[in-house]
Structure formats: structure tokens, C-alpha cells
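To keep things clear, I will list the structure first and then write my remarks on it.
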Amino acid sequence: MGKYQLFKKPKLSYPMPFIKLFPSIITLLGLSIGVSSIRYALDSKWEIAVVCILIAVVVDGIDGRIARLLNATSSFGAELDSLCDFVNFGLSAALVTYLWLAPTQQQKLVSWISVLVFIICIAIRLARFNIGILNNEPSNKKKYFFVGVPAPVGALLCLMPVMLDFDILPIWNLQIRNYKLCINIYLLIVGFLMASRIPTFSIKNIVIRPQYIWICLLLFATIGVTLLIYPWYIIPAFALSYIISIPVSIVIARRIN
């Protein structure tokens, strides 16, 4: 056929070092662990289900950093990470909460609606982030604040009623699942906070003075040990502290502007 060949097989891809795929493999590992939470929730193994989401949160925090360290960042990796965030922190976290709440009520429609709204809100947030709308904030504000509640934090807030039911509330013989209407309203609020443009604190660029580094290291070590021993006390406490910090972040962000 020579130069008269009508169809030429396109070159679809180029050879790629395996190390470049490693961050995406980590991301998919996090996805597998996050989705496994649904399986454990179906078996009523609530603590394991929540731990799966917590591991997915940790993986989400390190896969991007690994990609930057290996100089393996790509549009594919970014899109994959966003899709995994939606599944782990939207679908999985919401379904775990719904399955945990479902046995205590006969009318499940209200809970299902609140879960759907939560999932829709996290989809809106991630879509907005993907198209770069969140990057249009002033540089000094963008440096110290997120726009809305980040997806991993939203998942932890979504699961807070479940975690409270493990150790804290049983001390006072409280059955939080009996307050299903309050939980449904709470889920709606968390969803709206994720989809909103409310500024929330970001600790990524906080600078610590040299004379205080040892104090911070000691503090984080203490928190880490306590977290391993009493996870269902510490994590809800952090979640509650985050909720309390939101009004403070709004005030400080306005002053910066």
C-alpha cells in the first residue's frame, strides 16, 4: 500500500517505567480497602468497616506525595485519585453509616435521602475541584484554607455517629441510633459543608518555629500513642474539634481578605 495506505495503526501508548505506576497502584489499593468497608458493614462488623475508611484516608494522604517524590504525577493519576475519593469517602462512608443506622428504623426513606444528598454533595465538591474552580482563591487564602470541608474529613465526620457508638456513648447507656432524625440532619449538614465555599483550615503550610519543634514532636507522639490505645475516643474528639474550628476559620479568612 505504501503512501496510499488508508489506515495506519495509531501508537496508543509509550513504554513507561514501573515506578511511574506505583502511585496509581497505591491509589487503587486505597480504593480496594475503602470499598471493603461495605462488605464488613453488611456483616455488621462496624469497627472493621470504619477502620477500612480510616486506612483509605491515610492512603489518600500519601499517594499524591509519593507521586511527587517519584516525579510520577500525571493527569491520569489525578483523575484516578478523584474517582477513588468519591467511592471511598462518598459512597463507602455514606453506605456504612446507612447500614449501621438501618436496623433501628422501619421507615428508611429519610435516611436514604440524606445519604443520597451527602453523596451528591461530595460529587459536586470533587467535580468543582477537578475543573479548577477551587484554585481561583487569592493566594494567601488558598495557602492556609481549603474551600469547603475536604472529602476525607467529610467521610470522618459522616462516620462520627458510628464511632461514638463504639465506646463513648455506651458509658452513659445512650443509644445514638435512636436519634435517627438528628443523624440524618447531621449528614445533610456535613454534605452541604463539603459542597460549600466556606473556608476551612489547612495545616499543610503551617510553619513551626525551631524552638517549638520538640514540643510539636512530643505532642504528636503522645497523640499517636493515645490514638492506638483509644482510637474511638481520640478520632471523634478530633472530628468535634474540627467542627468547632469552622466558625473560627471563617472569621480569620475574612480578616485576611
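The values are calculated or read from the model by the stated rules, or taken from the named source; none is laboratory data. Here the structure is a predicted model, which is why all the values come from computation and not from measurement. Positions of Cβ are backbone-derived with ideal geometry, glycine not excepted, and every protein chain shown enters the neighbour counts.
Of note:
- Residue identified as surrounded by 21 or more Cβ atoms within 10 Å (Cβ to Cβ) and within 25 Å of F118 (Cα to Cα) among A102, A78, A67, A93: A93
- Any hit, the stretch 94-112, residues being out of contact with any Phe, Trp or Tyr (no Cβ under 7 Å at 6 or more places or on another chain), β-branched (V, I, T), without any contact (Cβ under 8 Å) to a residue 24 or more places away in the chain and within 23 Å of M194 (Cβ to Cβ): no
- Contacts under 7 angstrom Cβ, first residue in the stretch 71-89 being farther than 21 Å from I55 by Cβ, partner surrounded by 15 or more Cβ atoms within 10 Å (Cβ to Cβ), 6 or more apart: A72/K20; A72/F22; A72/P23; T73/A67
- Elements of type helices (runs of 4 or more DSSP H) contained in the stretch 24-132, each with 1 or more residues being farther than 22 Å from I234 by Cα, hydroxyl-bearing (S, T, Y) and at pLDDT 85 or above: 75-85, 93-101, 109-130
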